[in-house]
Structures are given as structure tokens and as C-alpha cells.
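So the structure is just underneath, and the comments pick up after that.
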Amino acid sequence: MSSPINCLIIDDEPLARSLIRTFLAQKGGYRILAECINPVQAYEWLLHHDVHVIFLDIQMPVISGIEFLQSLKHPPKIIFTTAHASFAAEAFTLNAVDYIVKPVTEMRFEQALDKLKTSLGQTDQLIQPANKGSSELNYIFFKTDGKLVKVDFDEILYLEALKDYSKIFLRNGNTVLVGEHLKAVEAMLPATRFVRAHRSFLVSLQAITGVFGNTIEIGKVQLPVGGNYREHLFQQLRIK
């Protein structure tokens, strides 16, 4: 690739991030878009930037690097940098480019970069996630009120766009206000389970209890179906 390789570094250890930053600076041709202390911070960067590779730790608070990779629909290249060798087999089943066990040496890091360049030389397209089967996550963490809140996919009925926020309506009657646009939240959720019904509403397919005209029912709640979303929604519901 003639243009710089765009990188994200995700690691909760400042020294680990600094070491990777130093190695990349010495090599040249790499552009660090952001350094994140946890995977949740990285979602926004992946949504709005062309990321070629993530240098990803595994053992981090709230959500692990493995879980983060499994949650991505279309992950970029991944190089794991971790103190734990025991996750290597699982990492490679998820199409990781390489798996470096800390402490990271310059020689070992260069080997990983060589593998990365070979991988990027084969295709500049983002790779598809591996078939995860039963290992696929059934939850996600959202940042709200200065903390991370775990939300099970099964508990979500629908989401509503509120300017710069998204409001999540849950089965138990509670709501969660997330400081992200609905488009950003949609990118974090599995497309097999959630679909746009309207520019202002993202709905859980399994929560829909009725359809009539340009309206869907989720229990006692009625939501509009936008003309631009009707065909895809009905395809997902297998309605002709």
C-alpha cells in the first residue's frame, strides 16, 4: 500500500501503547488514528474512519479483545498483543494476522508487520468475521452517564433517534440513553437481529408482534415504517 496504514491501538496499559507507538514510528508508513484504553472507545473510530489494522490487547476491563473482535461485523486486520498465550488458538480462528505475547520485542513486532503487509497486499478490503457459531456475543456495553452498561440483545425492543442521542427501550420497561447517533449504535448491533424500520427507529426483529399497513407493533407500541426501509424490513420478516 502506497498510502499510510491506518492503525488503532487498544490496550489499557499506557506502557504497552507507548511501545507500539514507538515501534510504528521507527518503521514509518503507519498512521495511528487513536489510542484507546478499552474497546468501547474504538467503535466510533471504526464507524467514521478507514482503519486498516488494530493492535489489540485481550485482557481488559469490561470487554475482552476476543469479545470485541467477535462483536464486529466487518473487522479490519487484527494483531493481538497480550500477556496471555492461552488465547492464541481462538484468535487465529477469528482470522487474526498475528498474535504477539508480551513483552513485545522489536524483532517480533517487525515479523507481525511483515505478515500485515502481506495480508494487506492480498486485499485492501475489510475481512469478513469468522463463523463464530455459538460463541457469538448476546450482549453489548453502552456508555451512558459516565459508565458502561451491559445490555442483552434479547432485552432490547427498539431504539429511537433523539438528535445526538439514541434511546433504547427494554422489555422490563426501562430505557437507556446512549450518547451516540442511531447510525453509530446500529453499526454495533448484529444486522441479523436488528433492522431499521424508519429513520428514527431501529427495531428488534424478534420483538415485532404485528404489521399493518405502514405500521409495526411491538407489544402495545406502534411504530411507523418509512418508505425507504419497508422493502428491506419485510424481507427480513419474510413478508411478501
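The values are calculated or read from the model by the stated rules, or taken from the named source; none is laboratory data. Just so it is clear, the structure is predicted and the values come from calculations on it, not from any experiment. Virtual Cβ from ideal backbone geometry, glycine too; neighbours counted across all protein chains shown. All accessible areas refer to the heavy atoms of the entire protein, side chains included, with ligands and DNA or RNA removed. Shrake-Rupley method; radii C 1.70, N 1.55, O 1.52, S 1.80 Å.
So here's what we get for this one:
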quantity: Members of region 205-217 found to be under 30 Å from the mean Cα position of the chain (by Cα) and either exposed (fewer than 12 other Cβ atoms within 10 Å of the Cβ) or in a loop (DSSP other than H, G, I, E, B) (or both), listed by number; calculated: 208, 209
quantity: Which numbered condition residue 36 misses (of (1) farther than 21 Å from residue 140 by Cα; (2) open to solvent by less than 20 Å² (accessible area, probe 1.4 Å)); calculated: (1)
quantity: Selection within region 110-131 - surrounded by 13 or more Cβ atoms within 10 Å (Cβ to Cβ) and at pLDDT below 80; calculated: 126, 127, 129, 130
quantity: Every residue from region 10-63 that is in a loop (DSSP other than H, G, I, E, B) and without any contact (Cβ under 8 Å) to a residue 12 or more places away in the chain; calculated: 28
quantity: Within region 54-65, considering residues that are surrounded by 22 or more Cβ atoms within 10 Å (Cβ to Cβ) and either within 14 Å of the chain's Cα centre (by Cα) or aliphatic (A, V, I, L, M) (or both), the one farthest from residue 148 (Cα to Cα); calculated: 54
quantity: Residue in region 40-47 that is in contact with a Gly (Cβ under 9 Å, 6 or more places away or on another chain), closer than 29 Å to residue 194 by Cβ, among the hydrophobic types (A, V, I, L, M, F, W, C) and open to solvent by less than 40 Å² (accessible area, probe 1.4 Å) present; calculated: no
quantity: Residues located in region 170-193, provided they are open to solvent by less than 40 Å² (accessible area, probe 1.4 Å) and within 23 Å of residue 145 (Cβ to Cβ); calculated: 170, 176, 178, 182, 184, 185, 188, 189
quantity: Where residue 220 falls short, out of the listed (1) under 21 Å from the mean Cα position of the chain (by Cα); (2) surrounded by fewer than 17 Cβ atoms within 10 Å (Cβ to Cβ); calculated: (1)
quantity: Number of positions in region 223-236 that are open to solvent by 30 Å² or more (accessible area, probe 1.4 Å) and over 18 Å from residue 154 (Cβ atoms); calculated: 8
quantity: Residue check for residue 140: within 29 Å of residue 96 (Cβ to Cβ), touching a helix residue (DSSP H, G or I) at 6+ places or on another chain (Cβ under 9 Å) and of a type outside the set (Phe, Trp, Tyr); calculated: yes
quantity: Test result for residue 51, touching a strand residue (DSSP E or B) at 6+ places or on another chain (Cβ under 8 Å) and surrounded by 16 or more Cβ atoms within 10 Å (Cβ to Cβ); calculated: yes
quantity: Residues of region 66-79 classified as surrounded by fewer than 19 Cβ atoms within 10 Å (Cβ to Cβ) and either β-branched (Val, Ile, Thr) or farther than 23 Å from residue 115 by Cβ (or both), total; calculated: 2
